[in-house]
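The values are calculated or read from the model by the stated rules, or taken from the named source; none is laboratory data. Only a predicted model underlies this, so the values are computations on that prediction, with no experimental measurement involved. For neighbour counting, all protein chains shown are included, and Cβ atoms are generated from backbone atoms with ideal geometry for every residue, glycine included.
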Amino acid sequence: MNDNTDRQAARYENRLLLILFLAFGFVFFDRQALAFLAPYIDADIGLTNAQLGTLSGVLALTWAVAGMVAGRLSDRIGRRKPILIVAVVLFSLFSSVSGLMAGFAGLLAARALMGASEGAVLPMAQSLMAEASRENRRGLNMGLVQGSSAGLLGGILAPIVVVWLAESYGWRTAFYVTIIPGLLIAAWIAKSVKERPPVRRQETAGEPAPPKTPLSEVIKLRNVVLCMLIACCYLTWFIILITFTPSYLTQVKGFEPGAMSGVMTCLGVAWVLWGFLTPGISDRIGRKPALIGFSCLAVLCPFALVFVDNPVLLGALMVLTYTGLGCFTLFMATIPAETVPRGALATALGLIMGVGELAGGFLAPVIAGWASDQWGLSTAMFIAAGGAVLVVALSFGLRETAPAVLRRRSLGVQATVEA
């Protein structure tokens, strides 16, 4: 019976991983679509770099607010699933609405509504995944949900599918089709996701609900504060890159749409690979050294875009240096999940994501867009590199949370004492 219980828990863990992988993947498919469609939208209705940055920024603004509100609400009512279903349905609808808009103001409103619905997805998904995961797979599972899913669907499929749809049927059609997968995933969540995962042998059935943790206590935790600051800097790196790279490659580098799509697909390949390799490696070597090492590589990515002109070489360098997306899982999900009490998990995840989106997701692309209009699009790339440099510096202040590493340290101390 005990073995059967563990098998049921393992099956549910894997099924939940697949569902949440697809759910968050399509969030980023929709979020990435604007950047890939920017050259087509610009040709139709005209967009300045500042307006493109603002479209990206307003989504990040409403995403941030929604994430913080949804995370806190979820911990207060003790429910994740209903919030997740509503969020998935709404972001699918609002993404399609973008195709109906005839100007900048309409696109701005549609992107704001889309961000307000998408912002709730990650805190709910990672809270559910953290609670259902075995300890030795927590980092890997959370990396697949947040990193590899977004890379596969938003980084690899999106540039191929979206650019093809825009070339064949127009940019508006590319937005319209996004409603279908979202509604199917919402139905799957409603049918298969449980509010609490099955209990394993080593766990206690009927465990009481975790006590509510005040927000004031959450923001006193050193790792939480540092993760919020890291989120601000890493979102600066990421949002600037995904917002301006397609336009940079076509306008500054002179790449044809096919070459641009190929380089962006290489970013997606790196996103998928590092999305699970980085947190998986951190399960063994520790969260802190993994975050420091892979962030050092991420610093090089914007410089490669500026100084490398050969599309093939540039694509290869993107695969090697676009490592930051694997780090996102660490500071935005795994480290906080291993730091805060379970009753404050969604609150912490929503807070870190929200603060990061406000600074790095909202302000950074607006500032970078304005700066690019003044001094050229290369300016945005240098701002992105600066964000990654700050991440490296901040990461040295984190306290290690990886269970395997902490156990090894404890055994080492015990052996020293006994000797």
Unique residue being touching a residue at least 12 places away in the same chain (Cβ under 8 Å) and either under 20 Å from TRP271 (Cβ atoms) or not in a helix (DSSP H, G or I) (or both) when the list is LEU47, LEU113: LEU47
Could you check, for the stretch 192-204, whether at least one of its residues is in a helix (DSSP H, G or I) and either at pLDDT 85 or above or of a type outside the set (Phe, Trp, Tyr) (or both)? yes
Please go through the stretch 368-382 and pick out each residue that is of a type outside the set (Phe, Trp, Tyr), in contact (Cβ under 8 Å) with a residue 24 or more places away in the chain and surrounded by fewer than 22 Cβ atoms within 10 Å (Cβ to Cβ). ASP373, GLY376, SER378
Tell me yes or no: at least one residue of the stretch 136-153 is out of contact with any helix residue (DSSP H, G or I) (no Cβ under 7 Å at 6 or more places or on another chain), modelled with pLDDT under 85 and of a type in the set (D, E, K, R). yes
Among (1) part of a helix (DSSP H, G or I); (2) crowded, with 21+ Cβ neighbours inside 10 Å; (3) of a type outside the set (Gly, Ala, Ser), the one test that ARG407 misses: (2)
Looking at (1) surrounded by fewer than 19 Cβ atoms within 10 Å (Cβ to Cβ); (2) of a type outside the set (Ser, Thr, Tyr); (3) under 15 Å from ALA150 (Cα atoms), find the lone condition where PHE28 falls short. (1)
Among the residues of the stretch 146-171, count how many are surrounded by fewer than 21 Cβ atoms within 10 Å (Cβ to Cβ) and over 24 Å from ALA87 (Cβ atoms). 6
Condition check for ALA402: surrounded by fewer than 16 Cβ atoms within 10 Å (Cβ to Cβ), farther than 21 Å from THR236 by Cβ and either at pLDDT 85 or above or not charged (D, E, K, R) (or both): no
